[in-house]
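Report on one structure; see the data block that follows.
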Amino acid sequence: MRRLPFVLFLLAAAVRAEDAPREIFPSDYTPSPCAVEVSCISFPDSSMKSAAFQFLALELDPNWAAKHGPEIKAAVAPLCRKHATCQTTPTNTYTFCDDVLAAEARPLCPKMFPKEKGEYDWLQCKEYLEVYLMGIDQNAINTWKTAQACAKTQAPAAHTKPLDVWMSPASVPYEHKGYVTFYAIDPDTKVPVLARIAFENQTLYAEANPTGQPATYYPMKLPFKYVRVPNKEGHTDAVTPLVTITAAGYPATTFRLPATMPNVVVEMKPAPSALRAGAKNEVTVLAHDSITGKAVDGRIMLGDGGETGFTNQPITIEWKAGTKRPEIWLQPYLNRYNDVVLVPAER
């Protein structure tokens with residue numbers, strides 16, 4: 001028996017339903033011939049009230065449930081047909097298909113019983129739906145086993161195309177503290193696929209996933225680490241990590257994490273044109289974040305000769321008279337910023 005916290009269910013639903021730019025399970029999917037006729041088997045109507053209290057500590061009104069339960073089940077029925085096909089996909093666990101079903105179903109209550117038209121009906125709908133989904137979760141392993149057994153008798157699909165992958169939000173905002181969800185569907189059948197997610201040089205966890213592993217359709221916090229790559233100036237730039245999404249039988253999908261990247265805005269006072277060889281050039285290199293405006297700390301480097309001072313404070317830059325001016329560049333302390341050439345080497 002798998003029981004996830006009720007609050008976590010609602011949190012995951014809010015992230016998926018409100019932010020996802022596409023249908024997480026497209027309506028034009030291809031039904032599987034191995035889909036069982038009824039995959040949504042929940043608690044009997046007579047047990048809904050007791051199940052609500054036992055599993056989720058909810059007080060479900062039995063009169064309300066008797067009156068409105070049939071219309072909620074009718075609204076969920078098309079999603080259950082998707083759920084039945086999801087169970088036939090070899091890479092999908094029964095818990096994954098249950099969670100996709102739940103993510104699709106939870107937006108129904110705000111549509112059927114808007115909170116502004118009656119908070120009691122809205123709340124009872126949410127409670128009824130959670131209990132109904134919990135009941136499906138209790139029984140789905142049996143229909144999943146039947147669907148999987150049938151799928152094994154079919155000719156295995158040759159997946160030459162990678163998964164169709166997207167994420168919500170489409171690009172991670174700067175210093176984002178919220179959740180990010182990755183989605184993946186089979187490019188031919190348009191059925192959701194449970195896929196593993198790996199991040200370059202970093203191990204992350206998805207609390208919404210029962211296994212804790214980053215996976216498609218499970219919201220996760222994403223405090224990612226930047227990585228550094230060489231640039232054409234002979235220094236390094238900060239870039240987002242590579243994301244690799246894999247599922248058995250499909251070509252791996254790899255891309256750099258879409259995210260808003262900050263830059264360092266720099267200004268040397270007095271201007272570089274005032275620098276003179278053989279002199280003690282007193283300057284200040286002002287540096288701040290292009291998005292937040294906060295000061296950026298870093299080292300001011302003189303060619304290959306090492307550190308000559310720090311940002312946002314007076315420093316002295318000097319080189320021997322009669323020699324060409326070396327390159328002057330900024331090496332930020334934080335890994336999120338590119339190296340910046342302040343003054344190119346004199347040619």
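The values are calculated or read from the model by the stated rules, or taken from the named source; none is laboratory data. Note that the coordinates shown come from a computational prediction; the quantities given were computed from them, not determined experimentally. Cβ placement follows ideal geometry from the backbone for every residue including glycine, while neighbour counts extend to all protein chains displayed.
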Being under 19 Å from Glu37 (Cα atoms) and either modelled with pLDDT of 95 or more or in the same structural domain as Ala195 (by TED's automatic domain parsing) (or both) narrows it down to one residue among Ala66, Ala140; which is it?
Ala140
Scope segment 322-336; condition part of a loop (DSSP other than H, G, I, E, B) and surrounded by 13 or more Cβ atoms within 10 Å (Cβ to Cβ); matching residues
Arg325, Pro326, Glu327, Leu334, Arg336
Just give me the residues in segment 192-207 being part of a loop (DSSP other than H, G, I, E, B), in contact (Cβ under 8 Å) with a residue 40 or more places away in the chain and surrounded by fewer than 22 Cβ atoms within 10 Å (Cβ to Cβ), in sequence order.
Glu200, Asn201, Glu207
Flagged in segment 278-308 as farther than 15 Å from Pro332 by Cα and of a type in the set (A, V, I, L, M), in numbering order, are Ala279, Val283, Ile291
Within segment 144-177, residues of a type in the set (D, E, K, R), over 24 Å from Val38 (Cα atoms) and surrounded by fewer than 16 Cβ atoms within 10 Å (Cβ to Cβ) come out as Lys161, Glu175, Lys177
Taking the condition of being of a type in the set (D, E, K, R) and under 19 Å from the mean Cα position of the chain (by Cα), how many residues in segment 135-193 meet it?
4
Take the conditions part of a helix (DSSP H, G or I) and surrounded by 13 or more Cβ atoms within 10 Å (Cβ to Cβ) and apply them to Ser47. Does it pass?
yes
Residues that are over 27 Å from the mean Cα position of the chain (by Cα) and either over 26 Å from Tyr183 (Cα atoms) or among the polar types (S, T, N, Q) (or both): does segment 80-97 have at least one?
no
Just one of (1) modelled with pLDDT under 50; (2) not in a loop (DSSP other than H, G, I, E, B) trips up Met1, so point out which.
(2)
Which ones in segment 73-92 are touching a Leu at 6+ places or on another chain (Cβ under 6 Å) and of a type in the set (S, T, N, Q)?
Thr91, Asn92
When (1) exposed (fewer than 13 other Cβ atoms within 10 Å of the Cβ); (2) more than 13 Å from Leu129 (Cα to Cα); (3) at pLDDT 95 or above are applied to Ile24, the one that fails is (1)
Ser42 passes all but one of the listed conditions (1) touching an Asp or Glu at 6+ places or on another chain (Cβ under 8 Å); (2) among the small types (Gly, Ala, Ser); (3) crowded, with 19+ Cβ neighbours inside 10 Å; (4) at pLDDT 95 or above; the exception is number (1)
Out of the residues in segment 282-299 that are over 36 Å from the mean Cα position of the chain (by Cα) and crowded, with 18+ Cβ neighbours inside 10 Å, which is nearest to Asp339 (Cα to Cα)?
Val285
Just to verify a result, which residue in segment 234-259, among those that are of a type in the set (S, T, N, Q) and under 30 Å from Ile328 (Cα atoms), is surrounded by the most Cβ atoms within 10 Å (Cβ to Cβ)?
Thr240
If you check Cys34 against the conditions, is it at pLDDT 95 or above, out of contact with any strand residue (DSSP E or B) (no Cβ under 6 Å at 6 or more places or on another chain) and either more than 21 Å from Asp188 (Cβ to Cβ) or outside any loop (DSSP other than H, G, I, E, B) (or both)?
no
Please tell me if Ser46 is farther than 30 Å from Ala155 by Cβ and hydroxyl-bearing (Ser, Thr, Tyr).
yes
Can you find a residue that is among the hydroxyl-bearing types (Ser, Thr, Tyr) and either under 30 Å from Glu175 (Cβ atoms) or in contact with a helix residue (DSSP H, G or I) (Cβ under 9 Å, 6 or more places away or on another chain) (or both) anywhere in segment 283-290?
yes
